[in-house]
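Participant: Got a structure for you, written out below as structure tokens; questions coming shortly.
The values are calculated or read from the model by the stated rules, or taken from the named source; none is laboratory data. Computed from a predicted model, the values in this text were never measured in an experiment. In this analysis, Cβ positions are derived from the backbone assuming ideal geometry, glycine residues included, and neighbour counts consider all displayed protein chains. The protein model used for the area step is the full one, side chains on, heavy atoms only, and it has no ligands, DNA or RNA in it. Shrake-Rupley method; radii C 1.70, N 1.55, O 1.52, S 1.80 Å.
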Amino acid sequence: MSNSSISVRKFDAVIVGAGGSGLRAAIQLSEGGLKTAVLSKVFPTRSHTVAAQGGVSASLGNSEEDHWHWHMYDTVKGSDWLGDQDAIEYMCRKAPEVVVELEHFGMPFDRTDEGKIYQRPFGGHMSNFGEKPVRRACAAADRTGHAMLHALYQRNVRANTQFFVEWMALDLIRDESGQVLGVIALEMETGEVVAFHAKATIFATGGAGRIYYSSTNAFINTGDGLGMAARAGIALEDMEFWQFHPTGVAGAGVLITEGVRGEGGILRNSDNERFMERYAPNAKDLASRDVVSRAMVTEINEGRGCGPNKDFVLLDITHLDPATIMKRLPGIREISIQFAGIDPIQAPIPVVPTCHYQMGGIPTNFKGQVVAADGVPVKGFYAAGEVACASVHGANRLGTNSLLDLLVFGKSSGDSVIEDVASGEVMHQDLPAGFADRTLARLNRLNTQTGGSNVNETRLELQRTMQKHCGVFRFKDMLVEGVAKIVEIEKEVARTEIKDKSQVWNTARVEALELDNLIEVAKATLVSAEARKESRGAHVRDDAPDTPENPNGRDDANWHKHTLWQREGSSLSYKPVTMTPLTVESIALKTRSY
Amino acid sequence: MDERERINRLRWRCTRRAMLEMDLLLGEFLERIFPTLAPAQAEAFIVLADMEDLELWPLINGSRECADPVQAEVVALLRDVRVK
Ligand SMILES: Cc1cc2nc3c(=O)[nH]c(=O)nc-3n(C[C@H](O)[C@H](O)[C@H](O)COP(=O)(O)OP(=O)(O)OC[C@H]3O[C@@H](n4cnc5c(N)ncnc54)[C@H](O)[C@@H]3O)c2cc1C
């Protein structure tokens, strides 16, 4: 296949991704009169945003006094001061507006007796600059993400957004000046490769949690946006920061909510010891996520894990009254039976710390414009949601701030596109000669590879390597070894072979193409993590312990900066954290303690 | 659409879902149980796989009843899948 055989479709804007962020951006564009295409690997309401249950944060103050400035403080502190304070101020100030807007789009929020949006407390969200918990999370029962996606989708249908469902974007199109001119995509139903030629391209492709063996993320989260950006020469920011949830079902990864420990669940090691008593004598099993996760990993590393491979610990609720379990935790019993083969009324559930959320991503400013290493926007390129790094989550995300991020930056990226199109800052440029060459060569390589590596086995090897070498607790030697291993795995990824060569519905090809993206994310993560010689937020190193000079192992003098990983040469550079908010005073560096 | 295409499309819709639980469950079902189903059951499964996760999950965990007896048979089989 050559460039001339690729059909080209022209739009004002193309959005890759139909989760919360993509759909929110699409509303701005379609209602703003731009001819917009939204591409998605799955039907929009099957996007992973559906999985979010907890809620979306906004300082509405419906149940008690609250203020966006308090929300901002909590987010900066949560980020362990790695978040950019301009973007954080922007997000927290905009929160009430975008949540009320969502309500007007038809989101069925839970209500108070007076008919206002009901709000509940959530970890890390406090009133009066960290004083005491505040009710800031807005939810629609335990289906917040689902309800949000449906409301946004309906609004898009009304605005005539054009959807391309079961299409996979493969690569960005950039010209010599670096301007982004659209994407090349594959239609699964026909196997056709098409160029979407656009004035503006927004990436809203979600996270990449499948780089880990144990992940709460659905299979779709293969980091395609990150892979495409990296291959097109865009640096990835802060990729060493991944949030882990302490209790994923061992093997399956399925999330067991904190509520189980709230109801009295206890973590035990192979000696049947309640080990959290040693690590957190007061909070015990209810200590914060990172503390519990690290304690679990320490137990496993010191040989007190359970099972034949001693690679998990046990979450025990057998001492609870079965009636309580049936009443308060019915969903958890179901999940445990289905995914661990264990009825938790009779035996404890095997659990491990599990990858949950990606803090890093494609660097953007608070307007959703992608920025190059020098801080200058990349013409025609925008990103929002989990794929983007604005950076509001810094080294650690607060619960419910992600759904907020989708709404705020989905909207702001859409507004930026409208502005840039109207001002003539971006317009249709001719597609350069050979614009699809690299993509076609990749497809051709895959089609003609013989004696190559197996896609499933290579993916598993990648995931196991990430889990072992770059998990919740990081060790110098393991990181160094991990980098060497991932470089070897990269060679295998470059020679994957598929048996099925057909055009139509070739899922083997799609999975091989997803693996091309996973490897970029995995490499960016390991290389960035190995280099960062401090502990901060979710990145915790054994050789950067808590000392009086560096509380919690954080080394501001040397490491208060964002990582940028460039695919070319796998090189690293750094940029300063923005400490100046838009209108208020800077929130100065402080030790993070709760 | 030939058999390979039909199965591959179904595989995509079973393993690229909104929730990990469903990826695991439907993926395992497709590999192990689907090939053993009677034609009417296979049709019923395709209908189930086209549902959204939050429609399907209540059927599987028994908090909602199936409307159709063949669908109920397939849901019972789904409920018995133990993901390894
Ligand atoms: C179990 C779980 C619970 C969570 N709970 C909460 C919560 O309570 N509150 C909170 O704030 N956050 C929560 N999060 C995090 C939050 O849900 C996600 O960060 C957020 O939904 C991501 O939204 P998104 O729009 O960025 O991407 P997604 O919703 O993941 O959508 C990505 C879209 O991109 C498309 N796509 C990807 N690659 C391609 C490609 N190559 N070509 C075409 N299309 C592509 C997909 O088809 C999809 O439409 C939770 C996460 C998990 C895993």
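Participant: Rounded to whole Å and ordered largest first, report the semi-axes of the equivalent ellipsoid of the protein assembly as shown derived from its Cα gyration tensor (root of 5λ).
Facilitator: Largest first, the protein assembly as shown gives 34, 31, 27 Å.
Participant: Turning to a different aspect of this structure: Tell me, what HN-Hα J-couplings in whole Hz come from the Karplus equation 6.51 cos²θ - 1.76 cosθ + 1.60 at θ = phi - 60° for each residue of region A:551-557, using x for Gly and Pro?
Facilitator: Values per residue, Gly and Pro as x: x, 6, x, 7, 10, 5, 4 Hz.
Participant: Average projected area of the Cα convex hull of region A:436-545, in nm²?
Facilitator: On the way: hull surface 31.4 nm².
Across all orientations, region A:436-545 yields a mean hull projection of 7.9 nm².
Participant: Then there's this: For chain A, what is the charge dipole size about the Cα centre, in debye to the nearest 20, if Lys and Arg each add +1 at the Cβ and Asp and Glu each add -1 at the Cβ? Mind dumping the intermediate values first?
Facilitator: Numbers: 63 positive and 75 negative charges, 113 e Å.
So the dipole magnitude of chain A works out to roughly 540 debye.
Participant: In addition: List the lysines whose Cα lies under 22 Å from the Cα of A:Lys561, skipping any in the same chain that are fewer than 8 positions away.
Facilitator: A:Lys77, A:Lys367, A:Lys476, A:Lys523, A:Lys533, A:Lys575, A:Lys590
Participant: Please work out the FRET efficiency for the pair A:Val480 and A:Thr591, using the Cβ-Cβ distance as r and a Förster radius of 41 Å; give the result to the nearest 0.05.
Facilitator: Values: r = 29 Å, r/R0 = 0.70.
After rounding to 0.05, the efficiency reads 0.90.
Participant: Measuring from label point to label point, each 7 Å out along Cα→Cβ, what is the B:Arg64 to A:Asp415 span in nm?
Facilitator: For the pair B:Arg64/A:Asp415, the computed spacing is 3.7 nm.
Participant: For chain A, what does the helix formula give at 222 nm: sum of -39500 (n - 2.57) over DSSP H segments with n ≥ 4, over the residue count, nearest 500 deg cm²/dmol? Write out the running numbers ahead of the final one.
Facilitator: Working: 16 runs with 201 residues, N = 594.
Computed mean residue ellipticity for chain A: -10500 deg cm²/dmol.
Participant: Based solely on C-alpha atoms, express the radius of gyration and the Dmax of region A:222-296 in angstrom.
Facilitator: Over region A:222-296's Cα set, Rg and Dmax evaluate to 17.2, 51 Å.
Participant: So what is the relative contact order of region A:248-353, in percent, for Cα pairs below 8 Å that sit 6 or more residues apart?
Facilitator: Working: 144 pairs, mean separation 35.0, N = 106.
The normalised contact order for region A:248-353 reaches 33 percent.
Participant: Which distance in Å, rounded to a whole number, links the C-alpha centroids of region B:68-84 and region A:461-520?
Facilitator: If you average the Cα positions of each part, the centres end up 34 Å apart.
Participant: Hey, with R₀ at 35 Å, roughly what FRET efficiency would A:Gln346 and A:Asn454 work out to, going by the Cβ-Cβ distance, to 0.05?
Facilitator: Working: r = 39 Å, r/R0 = 1.10.
After rounding to 0.05, the efficiency reads 0.35.
Participant: Distance from the Cα centre of region A:352-395 to that of region A:7-50, in angstrom?
Facilitator: So the separation of the two Cα centres works out to 18 Å.
Participant: Which values, in whole Å and largest first, are the semi-axes of the equivalent ellipsoid of region A:1-78 obtained as the square root of 5 times each eigenvalue of the Cα gyration tensor? Can you show the working numbers first?
Facilitator: Values: eigenvalues 280, 47, 32 Å².
In descending order, the three semi-axes are 37, 15, 13 Å.
Participant: If you take the alpha carbon radius of gyration of chain B and divide it by 2.2 N^0.38 Å, what ratio comes out, to two decimals? Mind dumping the intermediate values first?
Facilitator: Values: Rg = 11.9 Å, N = 84, 2.2 N^0.38 = 11.8 Å.
Rg over 2.2 N^0.38 Å, computed on Cα atoms: 1.00.
Participant: Within 10 Å of each Cβ in B:1-12, how many Cβ atoms from other chains are there, averaged over the peptide? Present the calculation step by step, with values, prior to reporting the outcome.
Facilitator: On the way: counts 3, 3, 0, 6, 7, 1, 2, 10, 6, 2, 4, 8.
Taking all residues of B:1-12 together, the mean is 4.
Participant: At a 1.4 Å probe radius, carbon and sulfur cover how many percent of the accessible area of the protein assembly as shown? The partial results should precede the final answer.
Facilitator: Working: 12560 of 25060 Å².
Within the protein assembly as shown, the accessible surface is 50 percent carbon and sulfur.
Participant: Please sort A:427-435, A:119-127, B:16-24, B:56-64 by packing, taking for each peptide the average over its residues of neighbouring beta carbons within 10 angstrom, highest first.
Facilitator: Working: A:427-435: 13.9, A:119-127: 20.3, B:16-24: 25.6, B:56-64: 16.0.
With the highest mean Cβ count within 10 Å placed first, the list reads B:16-24, A:119-127, B:56-64, A:427-435.
Participant: Tell me whether region A:1-41 comes out rounded, prolate or oblate; compute the Cα gyration tensor, take square roots of the eigenvalues as a ≥ b ≥ c, and use a/c under 1.5 as the rounded threshold.
Facilitator: oblate
Participant: Then there is this: Before I look further, what does the protein assembly as shown give for accessible area per residue, probe 1.4 Å, in whole square angstrom? Provide the component values of the computation, followed by the final result.
Facilitator: Working: 25060 Å² over 678 residues.
On a per-residue basis, 37 Å².
Participant: To the nearest whole number, what is the average tally of beta carbon atoms from other chains within 10 Å of the beta carbons of peptide A:500-506?
Facilitator: Values: counts 2, 0, 4, 1, 6, 11, 3.
If you average over the peptide's residues, the count of other-chain Cβ atoms is 4.
Participant: Please list log₁₀ I(q)/I(0) at q = 0.10, 0.14 Å⁻¹ for region A:248-353, using the Debye equation with identical point scatterers on the alpha-carbon positions.
Facilitator: One equal scatterer on each Cα of region A:248-353 leads to -0.24, -0.48.
Participant: Report the relative contact order of chain A, percent, no decimals, based on alpha-carbon pairs under 8 angstrom and at least 6 residues apart.
Facilitator: Working: 1361 pairs, mean separation 123.9, N = 594.
Relative contact order comes out at 21 percent.
Participant: Counting protein heavy atoms only and a 1.4 angstrom probe, how many square angstrom of accessible surface do chains A and B bury in total, to the nearest 100?
Facilitator: On the way: alone 22680 and 5330 Å², together 25060 Å².
For A against B, buried area totals roughly 3000 Å².
Participant: Classify region A:158-200: rounded, prolate or oblate, from the alpha-carbon gyration tensor (a ≥ b ≥ c, eigenvalue square roots; a/c under 1.5 rounded; otherwise prolate if a/b is larger than b/c)?
Facilitator: On the way: a/c = 3.47, a/b = 1.33, b/c = 2.60.
Cα axes put region A:158-200 in the oblate bin.
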